[in-house]
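So the structure is just underneath, and the comments pick up after that.
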Amino acid sequence: MARTPAASAAAAGPASPAASPARIAGLDLARFVAVAGMMAAHVWTVTPSGEESLAAAAVSGKAAGLFAVLAGAGIALTSRRDLAAGRVGAARRNLFGRGLALVIIGLTLGLAPSGVLVILVFYGVLFWVAMLLVRWSDRALVIGAAALGLIGPVATALLRAALAQLFGPPAGASTPSWPSLRDPLALLQDVLLTGAYPVLTWIVYAMVGMLVGRVLLRASDAGSRARAARRLAVVGAVAALGGWGLSALLAGPFGTLAALEAEPAWLGRDVEGAFYASGYGTPPPGSLWWLASPAPHTGTPFDLAITTGVALVVIALCLAAGAALHGIGARLVEPVRRAGAAPLTIYTLHVLATAVTGLVRESDDGAPWGVAWYVSSPGMWALHVAGAVLVGLVLLLLDRRGPLETFVSWSGRLFSRTPRA
């Protein structure tokens, strides 16, 4: 998968991550957690025997969901000044420019043979959809996120079924790249509806993140921010546990698995395994009973509840950690925070490094030792995480933002400027 969710940090507003009073250390730490989680989802996926690793199972869907929620928080923080000054058009143009930069980077990064489902194009379009939401009230965002989380998966499943009847089943999950522009309708369907990170589903994460950003903006002192973090943790825990528990009730006592096992297309097949297996953006086609699955990357209401809840808990813990760091502790963690403030740059380097190891693997002509350590192992994950910290240290010593974050911010400012007569 791709994440990138790293791209969400592209929403960071001010020019210098060190000097800016607007940066919230806890959010940068949460971005680093998301980066590390997505690295595990890419380079610590299977054991040498070919089985799924516990690390991949633990972070699947959750790291990308965390990035998407952080993207929404970044959107709220980025838009605050223009909205406060009544420059709604400038706020929307800023988001358009940022989204365009993410799409350009994503289409380019998609050319790398990394095997990663790069999320950046989806994130860029997510920013464009968020342009329409920046004026929504908190209540409207809550109602909209709840409605899209509960009803949206049903509507999109029916729409995907109708499109499959008209145009045939969609191609398997893939990363959009520049050649994808040759078929713009297929690319649009992939990005919005059938791809690995369909925007019509993932906009729920962004809406929740926008609410988180507004809560933090209103928390003007350490005490109120601590209370906000506690509330986020409670809401997140309730959402995650409630989503998992209700899905389990539907699966067993309410007969979802039995109903799926009776489906002609699934007779004699491992329905329970498919029910809990990670997807590629959507649940299996066919029966609407699949929408009761809690599996990551399926976009079901329960997947959304679990991954959103986990994201809120992680953000709350990182906010608490960021507030507790002072003196030498803060200085020791500063390279990590700097890395968290440059997740788009680090994510891009990570995808490129994964592509390089993939090419090395291909040159081995199918060596008989199974999955090589440099393709999937805790050691490879540790190397990628250490590389991220090293990038953070370099940015700290140079007192600079990540270069791709700078590019995205520049693109947003370029489009948000008001033309003079």
Screening A55, A40, A84 for residues that are open to solvent by less than 10 Å² (accessible area, probe 1.4 Å) and aliphatic (A, V, I, L, M) leaves only A40
Against the definition (among the small types (G, A, S), in contact with a Gly (Cβ under 8 Å, 6 or more places away or on another chain) and open to solvent by 40 Å² or more (accessible area, probe 1.4 Å)), how does A265 come out, yes or no? yes
Scanning segment 305-321 residue by residue, those over 17 Å from the mean Cα position of the chain (by Cα) and surrounded by fewer than 24 Cβ atoms within 10 Å (Cβ to Cβ) turn out to be L317, A320, A321
Single match in V191, V208 (criterion: over 29 Å from A321 (Cβ atoms), hydrophobic (A, V, I, L, M, F, W, C), modelled with pLDDT of 95 or more and within 22 Å of the chain's Cα centre (by Cα)): V191
Which number in (1) open to solvent by 10 Å² or more (accessible area, probe 1.4 Å); (2) touching a residue at least 40 places away in the same chain (Cβ under 8 Å); (3) more than 28 Å from V116 (Cα to Cα) marks the one condition that R227 misses? (2)
Within segment 232-262, the residues that are loosely packed, with under 13 Cβ neighbours inside 10 Å and at pLDDT below 95 are G252, P253, A258
For segment 402-420, enumerate the residues that are at pLDDT 95 or above and not in a helix (DSSP H, G or I). G402
How many residues of segment 310-344 are among the basic types (K, R) and free of Cβ contacts under 8 Å to residues at least 12 places away in the same chain? The answer is 1
When the residues of segment 284-304 are narrowed to those that are more than 25 Å from V212 (Cβ to Cβ) and of a type in the set (S, T, N, Q), which ends up most open to solvent (accessible area, probe 1.4 Å)? S287
Out of segment 138-192, which residues are touching a Ser or Thr at 6+ places or on another chain (Cβ under 6 Å) and open to solvent by 50 Å² or more (accessible area, probe 1.4 Å)? P170
Could you go through segment 32-50 and let me know if any residue there is touching a Cys at 6+ places or on another chain (Cβ under 9 Å) and not small (G, A, S). yes
Within segment 350-363, can one find any residue that is at pLDDT 95 or above and surrounded by fewer than 18 Cβ atoms within 10 Å (Cβ to Cβ)? yes
Might you let me know whether segment 89-103 holds any residue that is open to solvent by 70 Å² or more (accessible area, probe 1.4 Å) and within 29 Å of A41 (Cβ to Cβ)? no
Any idea which of G213, G281 is closer than 30 Å to A320 by Cβ, in contact (Cβ under 8 Å) with a residue 12 or more places away in the chain and open to solvent by less than 20 Å² (accessible area, probe 1.4 Å)? G213
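The values are calculated or read from the model by the stated rules, or taken from the named source; none is laboratory data. Every value quoted in this text rests on a predicted model; they were computed, and no experiment measured them. Quick reminder, even Gly has a Cβ in these numbers, built from the backbone with ideal geometry, and neighbours come from all protein chains shown. Ligands, DNA and RNA are stripped out before the accessible areas are found, and what is left, the full protein with its side chains, is counted by its heavy atoms. Shrake-Rupley method; radii C 1.70, N 1.55, O 1.52, S 1.80 Å.
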